[in-house]
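Contents: one structure, followed by commentary.
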Amino acid sequence: MAQLKGFAGILALSLNNRLLTLWPARGRALVAGLAWAAAGCTPLPQPQPPAAFTLLEAADGGAASTVVHVSGAWRLQALGPLTAGDVHHVTLSLSRVDGATEIARDRAELSPAELSRPILVSQLRSRSVYRLTARAYGAPGDDAGALVSEPEQAASAAWRVEDLVGLPPLKLHLPLRAVPRLVLTTLAGKRTAGHTDGPALRAQLEAPAGLAVGAGGRVYVSEPSAHRIRVLTPSGEVRTLAGGTPGHQDGPLAGARFRAPTGLVSDDQGFLYVADSGNHCIRRVTPEGTVETLTPKAGSEEGGPAAALALVEPTGLALGDGGELWVADAAQHSICRVSPQGAVSTVAGGVAGDADGQGARAGFRRPQGLAWSRTGQLFVADTGNHRLRVVTRDGRVTTLAGSVAGLEDGPAASARFREPAWLALGAGGQLYVADAANHALRRVNPTGHVSTLLGASPGFVDGPRPQALLASPAGLGFDGPLRLLVADQGNHALRLLQ
């Protein structure tokens with residue numbers, strides 16, 4: 001793929017009254033289109049000025065709209081190395097702002113074909129300021145999975161409704177970059193299960209599941225079937241951190257025992273938290289190398305604040321921004337919160353089901369992977385329901401994407417997964433998904449669009465997509481920008497997508 005230095009977009013805006021919505025308005029003489037030009041190529045001609053502007057006031061004086069009459073629609077054009085396929089979709093967001101605060105927003109995702117048709121923007125209030133923002137995303141079939149406008153950048157323009165009279169067409173510039181080609185490589189393991197420590201590519205792993213990136217670039221993986229925690233050091237050595245014989249033993253690492261550990265997460269203080277699934281509790285490894293039990297085992301007679309509500313099968317873990325630990329309990333189909341002192345509370349779920357709703361009214365089916373966002377939301381891989389869910393701090397559950405089992409990209413409402421198991425949040429709010437039964441890595445962008453990065457059939461192949469293959473991907477984590485680590489459970493290996 002040719003390197004793309006940048007594109008400029010020219011957006012002509014049309015407004016009509018009624019609902020604050022962005023949608024294609026076929027057959028109307030109202031138009032907003034997008035035309036693209038590669039940097040360094042002949043610029044596109046400027047759009048003709050609108051023939052007329054009309055300001056309409058509602059009877060109550062509370063709403064106003066401006067109608068812009070434009071003679072034709074701009075169409076997506078290909079110039080130089082750019083082809084129409086390079087832009088998969090463009091999102092347009094219309095927000096009403098008060099100073100620097102956004103107080104209302106609506107968003108639409110438009111394909112290149114829809115960009116060539118008239119678009120209607122409506123329900124504008126008088127004496128208000130509006131901002132229109134555009135972002136472009138590339139075709140999921142690209143080597144990179146996306147040719148995008150920078151996540152931190154977008155084309156935008158703001159105006160007052162009263163100033164629309166005589167306003168020329170808005171010019172929005174979308175800075176784009178070609179994302180480097182994604183390549184899958186093997187960091188550790190060699191497809192045969194085992195417990196051999198040593199140089200990464202000579203070492204053996206056994207069905208790694210959970211994954212966490214700790215201080216200094218140390219990568220931790222759990223091996224449920226071997227009852228071990230392994231670590232890949234920055235020097236490229238695989239070592240056994242603790243475990244190997246099933247049991248429940250705290251103390252120094254050399255004598256500590258686990259039973260089917262799964263989810264892992266590390267914090268800024270150097271603690272490593274472990275979902276010790278077979279022992280029905282949460283353990284942690286201190287920076288000094290001591291294993292402690294944070295929550296009592298289910299059915300135990302241990303005291304402490306967590307004894308009243310024990311976990312049954314903790315799997316995925318995530319750290320909230322308040323220091324709390326979020327836990328997916330697969331056996332109880334619930335999402336729990338553990339305080340720094342070990343107190344456990346159920347936030348949502350408790351019965352097998354797929355209903356959205358508040359607290360106990362919501363249903364999950366064997367949830368696993370978790371990811372905490374900076375916006376205070378918890379993303380959940382609802383494995384048994386083939387869905388991605390979102391849980392708020394107060395326990396409100398909604399479905400982000402997925403429905404029945406399948407493998408389908410596209411908008412969240414129509415996308416399908418097959419037993420999504422583990423999650424990781426990347427730069428710009430991109431959510432990465434280990435779609436285990438599809439043997440694929442998927443990505444959900446901030447607009448909810450789902451794309452497949454690689455996979456769709458089991459195998460063990462390094463290289464660029466679409467040749468690269470893995471099998472039953474599990475834990476995910478980032479050890480740097482555009483460096484996604486994958487616990488390749490079916491291949492007994494640790495892989496790197498970069």
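The values are calculated or read from the model by the stated rules, or taken from the named source; none is laboratory data. What you see is a predicted model, and the numbers here were worked out from it, not measured in a lab. So basically every Cβ, Gly included, is an ideal-geometry build from the backbone, and we count neighbours across all protein chains shown. The accessibility values were calculated without ligands, DNA or RNA, using every heavy atom of the protein model including side chains. Shrake-Rupley method; radii C 1.70, N 1.55, O 1.52, S 1.80 Å.
Compare Lys190, Lys297 by solvent-accessible area with a 1.4 Å probe and give them largest first, with all protein chains kept in place.
Most to least solvent-accessible, the answer reads Lys190, Lys297.
Suppose the chain between Ser457 and Val404 were pulled fully straight at 0.36 nm per residue; how much longer would it get relative to their current alpha carbon spacing?
Between Ser457 and Val404, full extension yields 17.2 nm more.
For an R0 of 30 angstrom, estimate the FRET efficiency from the Cβ-Cβ distance between Arg374 and Val183 and round to the nearest 0.05.
According to the calculation, E is roughly 0.60.
Amide H neighbours of Thr196 under 5 Å, counting only residues 5+ apart in sequence or on other chains, H built in-plane at 1.01 Å?
Gln204
Using θ = phi - 60° and the Karplus curve 6.51 cos²θ - 1.76 cosθ + 1.60, what whole-Hz ³J(HN,Hα) does each residue of the stretch 490-497 get, with Gly and Pro shown as x?
x, 10, 6, 9, 10, 10, 10, 10
Per residue, how large is the accessible surface of the stretch 354-399? Use a 1.4 angstrom probe and give square angstrom. Mind showing how you got there, number by number?
Working: 1970 Å² over 46 residues.
That works out to 43 Å² per residue.
Note down the net charge around Trp372, summing +1 for each Lys or Arg and -1 for each Asp or Glu among other residues with Cβ under 13 Å from its Cβ.
Details: positive: Arg337, Arg374, Arg393; negative: Asp267, Asp321, Glu324.
Here the charged neighbours net out to 0.
For the stretch 388-498, what % of the accessible area comes from carbon and sulfur atoms, probe 1.4 Å?
Result for the stretch 388-498: 53 percent of the exposed heavy-atom area is carbon or sulfur.
Compute the distance from the alpha-carbon center of the stretch 411-480 to that of the stretch 360-379, in whole Å.
With the stretch 411-480 and the stretch 360-379 each reduced to a Cα centre, they are spaced 18 Å.
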